[in-house]
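Note sheet for the following structure.
The values are calculated or read from the model by the stated rules, or taken from the named source; none is laboratory data. This structure is a prediction, so every number in the text was calculated from the model and none was measured. No Cβ is skipped: glycine too gets one built from the backbone with ideal geometry, and neighbour counts run over all protein chains shown. We work out accessible area using only protein heavy atoms, side chains counted, and drop any ligands, DNA or RNA first. Shrake-Rupley method; radii C 1.70, N 1.55, O 1.52, S 1.80 Å.
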Amino acid sequence: FATRTASVAGSYVFDEILQPSTLGSVGLLAAAGFFAAGRYRHAGVAMALAGFFHANYLILLLGGFGIAHLLIGRERFWRRSLELFIAPVLVLLTFLPVILKSAGGGKEAELAQTFYMTVRSPHHFALGKSEAGFLVSAAWAFLGLGFGARVLAANQAARRLSAVLGGLLFVIGGGMIFSSLWKVRAANMLFAWRLMPHVELLCGVLFVAGLYAAAAAPHRLRRAGPAAVASLIWGVALISMFGGFHNRMSVPQQLMGIVAIAAFSGFVCYLPTLADGVASLQGKLPWLGRARRVLATRVLPAMLMVAALGLVAGQADDKIGPALKKSNLMTGGDKNLEKLCGWVAKNTSKDAIFLTPPDHESFRFHCERAIVVDWKSPPIVPKELLDWIQRLQDVTGKKKLSGRRDLGAYSSLDAKALAALRARY
């Protein structure tokens, strides 16, 4: 609710509508969890499901998890390879003809790809406009990998999750280098930075786990070393700087609040040990050790949970209501659209084709009828994409499209233009 999981270049984990990328996100997060748990077969199936719904995720995850697989060492290497990659590779082979067509060369492919990246989705592919957003991504890397992973260095699951994050960051970094420094179109098309909000979310998991571990057993922070403390400070500083300069203070405030609560909780947990050491009472007051264990295992988790829920509730109270009102699961959806679809079902045949406003994204899905074209759903094969562009030009009356704002021209079509559209489509 506080961040909408939004990140760089219009990327996100979950949006307010259900779409293929949402299911790709589910598969990615499930694969990361299974990999961290050492359940590689399950991780492979989750990757395959992500790729089945969204081929872009499939290519990126094969690269990211392949590197993570190398980073965790040689133990059971070949068996692990089979468990992890057999399912996603089978899905890749299924989609390979379409992937090769969409990434093909030639003038037709170049025209289609250029239009897609510069007119249809420049918000995704123009990295130069998203530089500030990478500050937040770097901050979460400091907090998750620089702090959380160091504090949890002895934990195998945390180490495997760190390997996943390292692999995903390697893929993202490679995509950024080849899209900005050498401007390779194929690298730009891969949209590698769409993984960044997932990395931020998983780094958040590592950070919170590390913060709890440090609060429950403060000696872990000392063992993690000064670099972990510096990473904590840098992570909070970068997020605070971004929030302060862009008037987005909710996340920095929550972050500093949770760190402060954890620090206080850690101090409370450490008091029995401190008293024991200062008074040299070890063995004389055994209840001090028991008190510390109760504080660390029962009181501290409750304190942190209540504090975190309070902080989140303070940011989410004005967002929950509107979200529930927009949800068709909760409210049944748009009643006007429901009436329209009811009329369509009664009065038209299944093979009817409708001319709809190109910025209306849900008619085809809800009313179960074909349409001439919409902006939301471009095809990925170059020849089909060029046909899609032609359809958009037809329904807007524009000979050259420069972006989404041109869709408004649809409402100014006259009777002659509508007759021509009807005859053609």
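Take every Cα-Cα pair in the stretch 186-274 and report what % of them are more than 20 Å apart.
Values: 1834 of 3916 pairs.
Considering the stretch 186-274, 47 percent of its Cα-Cα pairs are separated by more than 20 Å.
Given 4 °C and 1.567 mPa s, how large is the Stokes-Einstein diffusion coefficient of the stretch 1-50 in µm²/s, with Rh as the Kirkwood radius over Cα pairs?
Numbers: Rh = 11.6 Å.
Answer from the Stokes-Einstein relation: 112 µm²/s.
Quick one: pull the percent of accessible area on the stretch 121-217 belonging to carbon and sulfur, 1.4 Å probe, ligands and nucleic acids left out.
Numbers: 2670 of 3870 Å².
So the carbon and sulfur contribution to the accessible surface is 69 percent.
Against the empirical 2.2 N^0.38 Å scaling, what ratio does the C-alpha Rg of the stretch 71-221 come to? Before the final figure, lay out each step's value.
Numbers: Rg = 19.1 Å, N = 151, 2.2 N^0.38 = 14.8 Å.
Against the compact-globule rule of thumb, the ratio is 1.29.
Compute the long axis of helix 382-396 from its Cα atoms, compare it with the longest principal axis of the Cα atoms of the chain, and write down the angle in degrees, 0 to 90, nearest 10.
Taking Cα atoms only, the helix is inclined about 70 degrees.
Would you kindly calculate the translational diffusion coefficient of the stretch 1-109, applying Stokes-Einstein with the Kirkwood radius from alpha carbon pairs, for 20 °C and a viscosity of 1.002 mPa s, and quote it in µm² s⁻¹ without decimals?
On the way: Rh = 14.9 Å.
Result for D is 143 µm²/s.
May I ask you to give the average projected area over all directions of the convex hull of the Cα atoms of the stretch 345-425, in nm² rounded to one decimal? Numbers along the way, then the final one.
On the way: hull surface 23.5 nm².
Approximately 5.9 nm², given one-decimal rounding.
Using helices alone, I'd like the mean residue ellipticity at 222 nm for the chain: each DSSP H run of four-plus residues gives -39500 (n - 2.57), total over residue count, nearest 500.
Theoretical 222 nm ellipticity from helices: -22000 deg cm²/dmol.
Along the charge dipole of the stretch 146-256, which of S180, A153, G204 sits closest to the positive end, that is, farthest toward it, with unit charges on the beta carbon of Lys, Arg, Asp and Glu (+1, +1, -1, -1)?
In the stretch 146-256, that residue is A153.
For the charge dipole of the stretch 283-425, defined by +1 on Lys and Arg C-beta atoms and -1 on Asp and Glu C-beta atoms about the Cα centroid, which residue among G321, I371, Y410 has the Cα displaced farthest towards the positive pole?
The Cα lying farthest towards the positive end belongs to G321.
For H360, what accessible surface area do you get with a 1.4 Å probe? Give it in Å², rounded to 10.
Counting only protein heavy atoms, the figure is 70 Å².
Out of Q113, A262, W193, whose Cα points farthest toward the positive end of the dipole of the chain (charges: +1 Lys, Arg; -1 Asp, Glu; placed on Cβ)?
Result: A262.
Per 5 Å bin, what is the whole-percent P(r) computed from every C-alpha pair distance within the stretch 114-191?
So the P(r) values, bin by bin, are 3, 14, 19, 20, 14, 12, 9, 6, 2, 1.
What percentage of all Cα-Cα pairs in the stretch 75-163 are separated by more than 16 Å?
On the way: 2949 of 3916 pairs.
Cα-Cα pairs in the stretch 75-163 separated by more than 16 Å: 75 percent.
Under the definition of Cα pairs under 8 Å and six or more residues apart, what whole-number percent is the relative contact order of the stretch 1-126? Walk me through the intermediate numbers first.
Values: 115 pairs, mean separation 28.9, N = 126.
It comes to 23 percent, rounded to a whole number.
Which whole-number percent is the relative contact order of the stretch 126-248 (Cα, under 8 Å, 6+ apart)? Don't skip to the answer; put the middle values down first.
Numbers: 126 pairs, mean separation 55.7, N = 123.
Here the relative contact order equals 45 percent.
Under unit Cβ charges (Lys, Arg +1; Asp, Glu -1), what dipole magnitude, rounded to 20 debye, does the chain have relative to its Cα centre? The partial results should precede the final answer.
Numbers: 46 positive and 23 negative charges, 133 e Å.
It works out to roughly 640 debye.
Ignoring any ligand, DNA or RNA, what whole percent of the accessible area of the stretch 1-100 comes from carbon and sulfur when the probe is 1.4 angstrom?
Numbers: 3570 of 4990 Å².
Summing carbon and sulfur atoms, their accessible area is 72 percent of the total for the stretch 1-100.
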